[in-house]
Amino acid sequence: MYASSVFAVDYERLWARRGVRALVFDIDNTIVPFDTEKPTEEAVRLFRSLAARGFRLCLLSNNGRSRVERFAERLGVDSVHRALKPGPWGARRALARMRASPGHTALIGDQVFTDILCGNMMSFYTVLVRPVSARDEFTVRLKRGAERGVVAAYKKKWRKHRMARELRNYMEIFVDQSIGGILDGIEGVCRCDDCVTDMKALALNILTPKYIATQKGDLYSRVDAMRQQFEVDVVQAVTKAAAVVARYPRHQDN
């Protein structure tokens with residue numbers, strides 16, 4: 001995936017379509033310029049919203065302890081300093097701290113031969129973002145020239161992917177995006193993966209399917225545009241499904 005910044009990444013798509021539950025972020029020129037001493041308020045709000053969504057979060061940086069821990073404390077996340085990217089050693093430590101698996105983890109960074117290569121070596125889903133600043137450390141500037149061709153091919157492939165048309169049941173996307181917030185308002189409901197999956201299935205069987213054919217890049221903007229039209233129906237269906245699952249849970253008690 002390619003995005004113009006960490007603020008433009010489609011995190012709902014990562015959650016609903018890719019099954020991503022853990023996010024690993026580079027710091028320098030991914031979240032802030034390399035010479036910025038602390039995260040911006042916009043970055044703090046982003047990380048708070050991601051944590052509230054249920055993502056496990058970790059910073060993965062080749063920087064020293066002082067800088068990385070200062071950012072981690074402000075953002076309220078775990079961190080790994082001196083990660084030695086693109087090597088896998090720091091990424092393995094990040095996985096252990098988040099208690100995550102590679103198949104459910106995405107790495108977000110601005111450097112192809114450091115961040116993206118590290119993520120690919122670990123079998124993470126990777127998101128390349130545009131550097132937030134043209135300023136770079138000298139060693140990074142040396143790599144940017146070699147990266148240009150790779151980034152151009154990456155963007156071309158991503159644009160082609162976005163232009164492809166796909167057929168999707170809008171209600172499935174809406175339920176995926178909304179069920180967490182709806183369940184927050186229902187007291188005593190089980191939130192284990194088994195029960196939530198059963199609730200989604202029951203809710204979708206109650207709802208009338210609404211299919212849309214659209215370019216992949218426009219899919220989630222179309223979903224947002226249609227949200228108000230069917231919001232009440234989805235809330236009612238999920239509430240009914242939660243009541244059924246509460247009476248007849250199929251999960252295995254520990």
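Observations on the structure shown:
- Residues located in segment 1-55, provided they are among the charged types (D, E, K, R), under 16 Å from ARG70 (Cβ atoms) and in contact with a Gly (Cβ under 8 Å, 6 or more places away or on another chain): ASP26
- For segment 99-141, the candidate set comprises residues that are buried (at least 18 other Cβ atoms within 10 Å of the Cβ) and of a type in the set (Asp, Glu); within that set, the residue that is modelled with the lowest pLDDT is ASP136.
- Failed item in (1) of a type in the set (A, V, I, L, M); (2) touching a helix residue (DSSP H, G or I) at 6+ places or on another chain (Cβ under 6 Å); (3) farther than 12 Å from ASP110 by Cβ, with ILE31 passing the rest: (3)
- Residues located in segment 16-28, provided they are at pLDDT 90 or above, farther than 17 Å from MET122 by Cβ and not acidic (Asp, Glu): ILE27
- Residues being within 19 Å of TYR170 (Cα to Cα) and either modelled with pLDDT of 95 or more or in a helix (DSSP H, G or I) (or both) - total across segment 199-254: 33
- Residue check, ALA91 crowded, with 18+ Cβ neighbours inside 10 Å and among the hydrophobic types (A, V, I, L, M, F, W, C): yes
- Scanning segment 106-131 for residues that are touching a Ser or Thr at 6+ places or on another chain (Cβ under 6 Å), more than 21 Å from GLY54 (Cβ to Cβ) and either part of a strand (DSSP E or B) or not assigned by TED's automatic domain parsing to the domain that holds VAL80 (or both) turns up GLY109, VAL129.
- Test: residue in segment 54-67 that is free of Cβ contacts under 8 Å to residues at least 60 places away in the same chain and over 19 Å from VAL32 (Cβ atoms): yes
The values are calculated or read from the model by the stated rules, or taken from the named source; none is laboratory data. Computed from a predicted structure; not experimentally measured. We place every Cβ from the backbone using ideal geometry, glycine too, and count neighbours over all the protein chains shown.
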